[in-house]
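The values are calculated or read from the model by the stated rules, or taken from the named source; none is laboratory data. What you see is a predicted model, and the numbers here were worked out from it, not measured in a lab. Positions of Cβ are backbone-derived with ideal geometry, glycine not excepted, and every protein chain shown enters the neighbour counts.
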Amino acid sequence: MSTLEALAALLAKEFALDPARLVPSARLEDLEIDSLRMIEIAFAVEDAFGVKIADEPAELMARVKTLGDFAAYVDGLLAARAARSPEGAT
Amino acid sequence: MKRVAVTGIGVVSPLGNDAGAFFDALAASRSAIARLGIAGHERLACPIGAPAAFDGASRFDPAKLRMLDRVSQLALCAAAEAISDAQGLLEGADRARVGVFLGTGMGGAQAADDGYRTLYAERSDRLKPLTVLLSMANAPAAWIAMEHGLTGASLTYSTACSSSAVAIGEAARRIAHGEAEAMIAGGAEAPLNFGTLKAWEALRTLASEDPEDAGASCKPFAKNRSGLVLGEGAAIVVLEDRDRAIARGARIHAELAGYGLATDAGHITRPSVEGQANAMRLALADARLAPGDIGYVNAHGTGTAANDGVETAAIKRTFGEHAYAMPVSSTKSMHGHLLGAAGALELVAAILAMERGVVPPTAHLKLRDPECDLDYVAEGARRAGLGAVMSNSFAFGGTNAALVACAP
């Protein structure tokens, strides 16, 4: 499963978002993801992907506008983690 | 001063998740008190309580549910029923003149308990991000206001076990003084979690389990009473300017006619006859009623050694000889003690008793206590025509409240 697919599955299951709307071009604001909801989503993403999101919600939302952006952002965190511990990469 | 009508009632209780089911169970002397299966129950000295058969997951989508402690879930569902029951309440209403006054003793106690478990027991630093918003005491009122777009005054009262009686009394004043045309008022409590139950256990005020029937563990006014049993739920009423209610042709359950509030100012837990009697006397005066006008008192009746004798004496001091002529019952024997929601739930019991002409009993009262010598309706529900009723709610901290409702 790609990061985008895993992220979409998580948003559909945990946050009751319509899977049909969870396409790469979907804008987070159109998905009614505000900064408060982003705090929860970041927490859930940290658990699901085993990453640490250091950006504050407002910074994160400034950098990540679409679901595709978000998946790329998580991919970046996964790559950074793999670079830190090559043999532990999953 | 405007008169105040009760035009809507909503209940989520250990005895059923609507007002009708709740009262039917009371009239049938059915107890909701049972063994609890909560996490950590094996470490409770007496793992009993009165849980509501309520699953938030069936009422809210997962995204909404993440933002709601159980106490807010209960409150939202009771409020929805009350507003629906007050048919057409908000059609054309000036929502800036409709507010929400709620009582809760412990607010989002489940979220607080979950958070402490994460930190201290699981030794994790990953606390749920919304713990503050889940556990804050004013969350239930805030959610109700948001859900229904009510922009009038929204307040949360926390006076322990009289919280929701205070909330209803204060809300009625807002209407009486012309500051609101309707108020959503009541209380919610969800205390059946390990930390809260242990704290109550430590105070040595909880009932021991009846060896033959867990459901009979709370025995208000009985010689062998051993304490209170915690319960959970929410009860909400719609209070409305009576003239407005009549003008729109609303069905009126009752008139909220009196509210009395008095403080013991003596001891943090020990109740006083004087403080309780003062609250009842003030409620009668507010309703412009004589003691003989009251046909039924829903007692605070916790089933503790401290309360029941004092309350009996306070009723006698307030009502004189009439104390012996009117039924007094404690429905906590069946639904347990809902703490901050108790006053609202028991006012609802009293109003429905009047509406249906049925006095609910005090269950499990078999061994008489000479100190408690009133008519507690121990033999089961009875039919009675009631023109006015009183509900008592007293509290640790000494905030005593009494509410009087009259037939419309």
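Applying the selection to the stretch A:1-49, what residues are among the small types (G, A, S), surrounded by 12 or more Cβ atoms within 10 Å (Cβ to Cβ) and outside any helix (DSSP H, G or I)? Show your work before the answer.
Within the stretch A:1-49, the subset among the small types (G, A, S) is A:2, A:6, A:8-9, A:12, A:16, A:20, A:25-26, A:35, A:42, A:44, A:48.
Then drop every residue that is not surrounded by 12 or more Cβ atoms within 10 Å (Cβ to Cβ), which leaves A:6, A:8-9, A:12, A:16, A:26, A:42, A:44, A:48.
If the condition is that a residue be among the small types (G, A, S), surrounded by 12 or more Cβ atoms within 10 Å (Cβ to Cβ) and outside any helix (DSSP H, G or I), then A:A16, A:A26 are the ones that fit.
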(request) Could you grab the pairs with beta carbons closer than 6 Å, sequence gap of 6+ or different chains, first residue in the stretch B:370-381 and within 16 Å of B:M326 (Cβ to Cβ), second one modelled with pLDDT of 95 or more and of a type in the set (D, E, K, R)? (result) B:C372/B:D308
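Take the residues in the stretch A:23-71 that are polar (S, T, N, Q) and either free of Cβ contacts under 8 Å to residues at least 12 places away in the same chain or farther than 17 Å from B:A63 by Cβ (or both), then tell me which one is nearest to the other protein chains (Cβ to nearest Cβ). Please lay out each step first, then the result.
Here is the first cut: in the stretch A:23-71, the ones polar (S, T, N, Q) are A:25, A:35, A:66.
Subsequent filtering for residues that are either free of Cβ contacts under 8 Å to residues at least 12 places away in the same chain or farther than 17 Å from B:A63 by Cβ (or both) retains A:25, A:66.
Values: A:S25: 21, A:T66: 19 Å.
Among those that are polar (S, T, N, Q) and either free of Cβ contacts under 8 Å to residues at least 12 places away in the same chain or farther than 17 Å from B:A63 by Cβ (or both), it is A:T66.
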(request) Would you be able to tell me the number of residues in the stretch B:375-408 that are part of a strand (DSSP E or B) and not charged (D, E, K, R)? (result) 14
(message) Which numbered condition in (1) closer than 22 Å to A:A9 by Cβ; (2) of a type outside the set (F, W, Y); (3) surrounded by fewer than 13 Cβ atoms within 10 Å (Cβ to Cβ) is the only one that A:A58 fails?
(response) (1)
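Identify all residues within the stretch A:1-22 that are within 14 Å of another protein chain (Cβ to nearest Cβ) and not small (G, A, S); write none if there are none.
So the first thing to find is which residues in the stretch A:1-22 are within 14 Å of another protein chain (Cβ to nearest Cβ), and the list is A:9-19, A:21-22.
Passing the criteria: A:L10, A:L11, A:K13, A:E14, A:F15, A:L17, A:D18, A:P19, A:R21, A:L22.
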(request) Could you check A:A12 against (1) touching a Pro at 6+ places or on another chain (Cβ under 6 Å); (2) within 18 Å of B:P129 (Cβ to Cβ) and say which number it fails? (result) (2)
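Being closer than 16 Å to A:E14 by Cα and not in a helix (DSSP H, G or I) is the filter here, so list the residues in the stretch B:50-68 that pass it.
To start, the set of residues in the stretch B:50-68 that are closer than 16 Å to A:E14 by Cα comprises B:56-68.
Matches in the stretch B:50-68: B:R59, B:F60, B:D61, B:R66, B:M67, B:L68.
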(request) Using the structure shown, decide if B:Q73 is closer than 30 Å to A:L17 by Cα, crowded, with 16+ Cβ neighbours inside 10 Å, touching a Lys or Arg at 6+ places or on another chain (Cβ under 6 Å) and modelled with pLDDT of 95 or more. (result) no
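A quick yes/no check of all residues on (1) free of Cβ contacts under 8 Å to residues at least 24 places away in the same chain; (2) in contact with a helix residue (DSSP H, G or I) (Cβ under 8 Å, 6 or more places away or on another chain); (3) more than 18 Å from B:L230 (Cα to Cα):
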position: B:V132; (1), (2), (3): yes, no, yes
position: B:W143; (1), (2), (3): no, yes, yes
position: B:T159; (1), (2), (3): no, yes, no
position: B:E170; (1), (2), (3): no, no, yes
position: B:R173; (1), (2), (3): no, no, yes
position: B:A180; (1), (2), (3): no, yes, yes
(request) For the stretch B:183-206, enumerate the residues that are buried (at least 24 other Cβ atoms within 10 Å of the Cβ) and of a type in the set (G, A, S). (result) B:A185, B:G186, B:G187, B:A188, B:A190
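Return the only residue of B:E201, B:E232, B:E179 being touching a Pro at 6+ places or on another chain (Cβ under 8 Å) and of a type in the set (D, E).
Values: B:E201 fails: touching a Pro at 6+ places or on another chain (Cβ under 8 Å); B:E179 fails: touching a Pro at 6+ places or on another chain (Cβ under 8 Å).
Result of the check over B:E201, B:E232, B:E179: B:E232.
Name the residue, out of B:A139, B:A109, B:A86, that is buried (at least 20 other Cβ atoms within 10 Å of the Cβ) and within 14 Å of another protein chain (Cβ to nearest Cβ). Steps first, answer last, please.
Numbers: B:A109 fails: within 14 Å of another protein chain (Cβ to nearest Cβ); B:A86 fails: within 14 Å of another protein chain (Cβ to nearest Cβ).
Unique residue meeting the criteria: B:A139.
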(message) Among the residues that make up the stretch B:193-214, is at least one of them within 16 Å of B:H337 (Cα to Cα), of a type in the set (K, R) and without any contact (Cβ under 8 Å) to a residue 60 or more places away in the chain?
(response) yes
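Could you pull out the residue among B:L119, B:L76, B:L150 that is closer than 14 Å to B:A341 by Cβ and away from every other protein chain (no Cβ under 14 Å)? Lay out the reasoning, then the answer.
On the way: B:L119 fails: closer than 14 Å to B:A341 by Cβ; B:L150 fails: closer than 14 Å to B:A341 by Cβ.
Matching residue, one of B:L119, B:L76, B:L150: B:L76.
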(message) For the stretch B:280-337, give me each residue that is in a helix (DSSP H, G or I) and small (G, A, S).
(response) B:A283, B:A285, B:A287, B:G292, B:A305, B:A306, B:G309, B:A313, B:A314, B:G320, B:A323, B:S333
(message) I'd like the residue in the stretch B:49-70 that is surrounded by 24 or more Cβ atoms within 10 Å (Cβ to Cβ) and farther than 19 Å from B:P129 by Cα and, out of all such residues, is nearest to the other protein chains (Cβ to nearest Cβ).
(response) B:A52
(message) Show me the helices (runs of 4 or more DSSP H) entirely contained within the stretch B:69-153 in which 1 or more residues are of a type in the set (D, E, K, R).
(response) B:70-85, B:109-116, B:139-148
(request) Kindly provide the set of residues from the stretch B:347-374 that are more than 21 Å from the chain's Cα centre (by Cα), buried (at least 16 other Cβ atoms within 10 Å of the Cβ) and part of a strand (DSSP E or B), ordered by number. (result) none
(request) Quickly run through the stretch B:92-116 and pick out the residues that are without any contact (Cβ under 8 Å) to a residue 60 or more places away in the chain and aliphatic (A, V, I, L, M). (result) B:A96, B:A111
